[in-house]
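The values are calculated or read from the model by the stated rules, or taken from the named source; none is laboratory data. Keep in mind that this is a model prediction, so the values were computed, not measured. Positions of Cβ are backbone-derived with ideal geometry, glycine not excepted, and every protein chain shown enters the neighbour counts. The area values use the complete protein model at the heavy-atom level, side chains included, leaving out ligands, DNA and RNA. Shrake-Rupley method; radii C 1.70, N 1.55, O 1.52, S 1.80 Å.
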Amino acid sequence: MPDDRTPDSAPENDKPQLFIKTYGCQMNVYDSDRMSDALAPKGYETAKAPDAADVVILNTCHIRENAAAKVYSELGRLRILKEARLKQGRPLTIGVAGCVAQAEGQEMLDRAPVVDFVVGSQAYHRLPQLVERAKDGERLVETDFPTEDKFEHLPQPSKKVTLGRGPAAFLTVQEGCDKFCTFCVVPYTRGSEVSRPMSQLLDEARGLVDAGVREITLLGQNVNAWHGNGLGDAASNLGRLLFALAEIDGLERLRYTTSHPRDMHDDLFAAHRDLDKLMPYLHLPVQAGSDKILKAMNRQHTAQDYLQLIDKLREARPDISLSGDFIVGFPGETDEDFEATMQLVRDVGYAQAYSFKYSQRPGTPAAVQETQVPEDVKVERLARLQALLNEQSRDFNAASVGKTMSVLLDRVGKRDGQLAGRSPYLQAVHLDAPMHLRGEIVPVVIEAAHANSLSGKLADISATDSLVKGDAA
Ligand code: 5AD
Ligand code: SF4
């Protein structure tokens with residue numbers, strides 16, 4: 001999901017300016033904020049654009065081919081800027097962070113002379129030193145997985161900075177993955193699974209809520225594998241963490257992403273059943289509908305296992321809306337296998353979904369299989385799958401028209417006088433509303449459904465009785 005927040009305005013003073021461009025998933029959005037927090041004690045402020053910055057960091061993603069290619073073309077543009085800035089006597093320091101940085105390390109410095117430092121996601125707490133040394137002319141790579149807990153060393157943002165980031169915040173609870181799906185680079189770029197301790201997470205969540213945050217999305221590459229860390233947490237799980245977070249006064253909404261079907265446990269179903277604060281939406285990737293392909297992907301579940309989980313979820317929370325990830329054209333996928341994916345999609349009925357053509361990632365087992373599917377077949381299958389998924393999400397949005405939903409107004413809308421936010425089901429909602437309502441959860445009558453969003457009007461407050469079940473407002 002792209003980061004559509006507007007950066008703080010660049011002040012006209014002598015403070016060093018930082019610009020971070022974020023690619024990829026929400027975990028990178030969270031990491032970019034933590035990188036800003038790490039540099040804030042050194043006086044760094046957020047610049048609106050690279051040309052206003054003294055330090056530019058590209059926070060990269062390696063999950064699919066295009067992501068890395070985009071980074072290299074952005075570095076090409078930055079080279080021109082860096083040369084122009086040298087002539088003006090205002091040097092520009094350029095760093096690359098995130099998964100491409102982790103995967104390429106020294107190679108990145110060799111391939112792109114414009115880059116001053118390369119930093120992997122486990123070393124962000126070391127950024128202040130890295131940036132200083134890079135400014136002194138060193139070219140550096142820091143891609144080890146250090147033994148210290150980076151979260152303990154990363155400073156918390158001020159209340160003002162937190163509020164500036166909006167009322168819906170991310171909180172990374174777990175990093176890395178031990179699942180080793182055969183198509184995926186994450187276990188290599190993000191390392192093995194590490195859970196943050198419960199007490200650290202509750203403190204960070206309270207800090208966010210004190211600053212005015214109303215909704216927290218817990219993040220992890222394999223978020224429902226979170227199991228706590230340290231003494232009291234030894235036997236914990238994500239369900240219990242959600243129950244503990246729901247106790248925080250002022251925190252109105254909880255979400256979590258991304259989950260693996262193998263790690264859906266009883267406490268998590270109980271959380272969906274019992275916690276009104278846990279929003280009725282779950283992103284639960286299945287990737288494919290054919291058991292043969294699921295096995296080749298090392299997903300450790302069958303299509304039937306997944307469908308049973310969906311039944312259980314709907315039992316716990318009948319109005320839950322579902323989202324998923326799909327890969328078409330995995331090595332060895334036949335027409336019949338692909339039809340099984342289409343059938344699974346019909347059986348589940350998704351509110352929204354992400355679908356991709358399989359892409360060969362270096363170093364992953366599937367990349368070297370000889371049964372690669374031709375590009376034209378992948379293109380055709382993706383088009384068919386997306387047509388079905390789009391139809392389902394259009395139907396889901398259309399069924400929202402006429403309902404009154406609670407919406408957390410987290411940003412200004414595209415048009416003047418408009419605010420925008422998210423429904424409990426994570427649908428984007430636009431409406432005319434006074435600016436002072438930004439940050440509030442308000443009832444909205446949904447009037448129309450569009451391709452990827454809804455629009456509506458503020459409901460009469462007396463209408464809140466008819467809010468869809470479980471809304472926190
Ligand atoms: N090719 C295509 N899609 C991939 N994903 C991960 N690796 C690949 C790959 N090699 C997709 C999966 C995952 C999502 C984040 O990206 O669907 O769930
Ligand atoms: Fe990648 Fe599979 Fe881990 Fe998800 S569960 S991050 S797809 S290896």
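The value obtained for the chain, namely the Cα convex hull volume divided by the number of residues, is 149 Å³ per residue. Applying 0.36 nm per residue to the separation of Ala399 and Asp319 and subtracting their alpha-carbon distance, the gain on full extension is 27.6 nm. Summarising the amide proton neighbourhood of Tyr256: residues at separation of 5 or more, or on other chains, whose placed amide H is nearer than 5 Å comprise Leu218. In order along segment 362-378, phi translates into HN-Hα couplings of x, x, 9, x, 5, 5, 9, 6, 7, 8, 4, 8, x, 4, 5, 5, 4 Hz, rounded to whole numbers, per the Karplus curve 6.51 cos²θ - 1.76 cosθ + 1.60 with θ = phi - 60° and x for Gly and Pro.
Suppose we keep just the DSSP beta bridges with both residues in the chain; what percent of those would be antiparallel, to 5? Taking every DSSP beta bridge with both residues in the chain, the antiparallel ones total about 30 percent.
The average projected area of segment 378-456, computed from the convex hull of its Cα atoms over all directions, is 5.6 nm². Rolling a 1.4 angstrom probe over the protein heavy atoms with all chains in place gives segment 356-403 an accessible area of 56 Å² per residue. Working ranking of peptides 73-82, 48-57 by packing, defined as the average number of other Cβ atoms within 10 Å per residue, highest first, is 48-57, 73-82. When both segment 433-453 and segment 331-400 are represented by their alpha-carbon centers, they are found 32 Å apart. Short-range pairs are left out: with C-alpha atoms under 8 Å and at least six residues apart, the relative contact order of segment 210-260 is 56 percent. Extension gain, Val412 to Ile80: 0.36 nm times the residue separation minus the Cα-Cα distance gives 116.2 nm. Computed over every Cα-Cα pair of segment 323-435 and binned at 5 Å starting from 0, the pair-distance distribution P(r) comes out as 2, 10, 17, 15, 14, 11, 10, 9, 7, 4, 1, 0 percent. Translational diffusion coefficient of segment 69-135 (Stokes-Einstein, Kirkwood radius from Cα pairs, 20 °C, 1.002 mPa s): 172 µm²/s. Here the translational diffusion coefficient of segment 143-283 follows from Stokes-Einstein with Rh set to the Kirkwood radius across Cα pairs; for 4 °C and 1.567 mPa s it amounts to 83 µm²/s.
How high is the relative contact order of the chain, in percent, counting Cα pairs under 8 Å that sit 6 or more residues apart? Worked out over the chain, it gives 9 percent. Cα extents for segment 1-152 along the principal axes, largest to smallest and rounded to whole angstrom: 36, 33, 31.
Computed over every Cα-Cα pair of segment 182-260 and binned at 10 Å starting from 0, the pair-distance distribution P(r) comes out as 17, 48, 27, 7, 0 percent. Accessible surface calculations at 1.4 Å, restricted to protein heavy atoms, place segment 192-311 at 36 Å² per residue.
A cysteine counts as unpartnered when no other cysteine's C-beta lies under 4.7 Å of its own; in the chain this applies to Cys25, Cys61, Cys99, Cys177.
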